[in-house]
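Some notes on the structure that comes next.
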Amino acid sequence: MSVSVIPESVTVTEVCPRDGFQSLPTNIPLQEKVEIVNEIINCGFKQIEVTSFVHPKAIPQLKDADELLQRVDRSNGVQLRALVPNLIGLERAIKAKVDKIKLMLSATDSHSLSNANRTTFDAMEDFKPLIDRAKEAGMPVSGSISVVFGCPYEGEVPISRILQVSEKYAGLGVTSISLADTTGMGNPVKVRKIIKAIKKEFPEFEFSLHLHNTRGMAFANALVGLEEGIVNFDSSVAGLGGCPYAPNASGNISSEDLIHALHEMGIETGIDLDRVIEIGKKLEKEFPENSDSFILKAGKCSDLHLAPKEQVKLG
């Protein structure tokens, strides 16, 4: 029996400003949003998914994407990533001087039609001019595959389908791919099987995991990812998040839960956990119905308590 090797360090990308904020029932005022993003930047994240350049009518919570990028503090060199659905969104992203873009794609036609009103491979046909324009602008491009570990409309997603989508990405020259458990349907056995298969076929790709904790399986799935050599993970402060186009899609694995667990295991992230927790507390107070975090409830393992005094024996 082979022993899995856990990496010494990983990169955690904070996605709350995009995935978290888009799922909230109300809009966060721009200035407050700028302050939150700046606080996140100061936690030591190397990369933050800061917004999405979608049409304001599609996701009104992110209508201020252009202004947000103008106002946030970019002095410490953090890479600001944004989702881009089309050429119009890309031109906005270029003008806003985003550092990196991510393409949105679903593994199944059902979810793709719900999310983008296009089948999966029709949506990919639209990617080529977008990727060409990004290359012309000197902007790195990463890809994503939603509902990899289970689709709320079709159920199990065949591995052959995921490999087909990855092959299409390879043909477009996109080799940095996020594997998303959009509605939390993954389990450790399934996650291991898919990662093994996709890494075998595409050893040159850089894969990341974007895990939702819908059914409490996110960290178990993250651990399997670590054992299979994944060193890039997405997470969201206070566990905010959820796909607007998938039923019952709850939040991402919380950043404080993931980072705390990694640090307890001796895995470096370069992130100041205490600062992340403080941001999480603020968001939890403001959006109690949308937050989901064990650390915000229980605290860190290192948060010790005064031992009870010796009880006086009676009688």
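Brief remarks on what is shown
- In the range 99-115, the qualifying residues are those that are in a loop (DSSP other than H, G, I, E, B) and in contact with a Leu (Cβ under 6 Å, 6 or more places away or on another chain), and the one that is surrounded by the fewest Cβ atoms within 10 Å (Cβ to Cβ) is D99.
Each row is one residue, and each column tells you yes or no for (1) modelled with pLDDT under 95; (2) in contact with a strand residue (DSSP E or B) (Cβ under 6 Å, 6 or more places away or on another chain); (3) within 22 Å of T11 (Cβ to Cβ); (4) of a type outside the set (D, E, K, R).
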| site | (1), (2), (3), (4) |
| --- | --- |
| G155 | no, no, no, yes |
| I159 | no, no, no, yes |
| V165 | no, yes, no, yes |
| Y169 | no, yes, yes, yes |
| S178 | no, yes, yes, yes |
| N187 | no, no, no, yes |
| R192 | no, no, yes, no |
| K196 | no, no, yes, no |
| K200 | no, no, no, no |
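- Matching residues in the range 198-216 - criterion: being open to solvent by 30 Å² or more (accessible area, probe 1.4 Å) and either closer than 17 Å to E156 by Cβ or out of contact with any Phe, Trp or Tyr (no Cβ under 9 Å at 6 or more places or on another chain) (or both): K200, E201, P203, E204, E206, T214, R215, G216
- If the condition is being open to solvent by 60 Å² or more (accessible area, probe 1.4 Å), under 21 Å from N115 (Cβ atoms) and assigned to a helix (DSSP H, G or I), then the range 72-98 contributes L87, I88.
Per-residue answers, yes or no, for (1) surrounded by fewer than 16 Cβ atoms within 10 Å (Cβ to Cβ); (2) without any contact (Cβ under 8 Å) to a residue 24 or more places away in the chain; (3) of a type outside the set (V, I, T); (4) under 15 Å from I194 (Cα atoms):
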position	(1), (2), (3), (4)
A123	no, yes, yes, no
F127	no, no, yes, no
A134	no, no, yes, no
A137	yes, no, yes, no
S142	no, no, yes, no
V148	no, no, no, yes
S160	yes, yes, yes, yes
S166	no, no, yes, yes
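- Test: residue in the range 123-144 that is closer than 26 Å to A170 by Cβ and touching a Pro at 6+ places or on another chain (Cβ under 6 Å): no
The values are calculated or read from the model by the stated rules, or taken from the named source; none is laboratory data. The structure presented is a predicted model; accordingly, all values stated were derived computationally and were not measured. Cβ sites come from the backbone with ideal geometry, for glycine too, and all protein chains shown count toward neighbours. Only protein heavy atoms, including side chains, enter the accessible area calculation; ligands, DNA and RNA are left aside. Shrake-Rupley method; radii C 1.70, N 1.55, O 1.52, S 1.80 Å.
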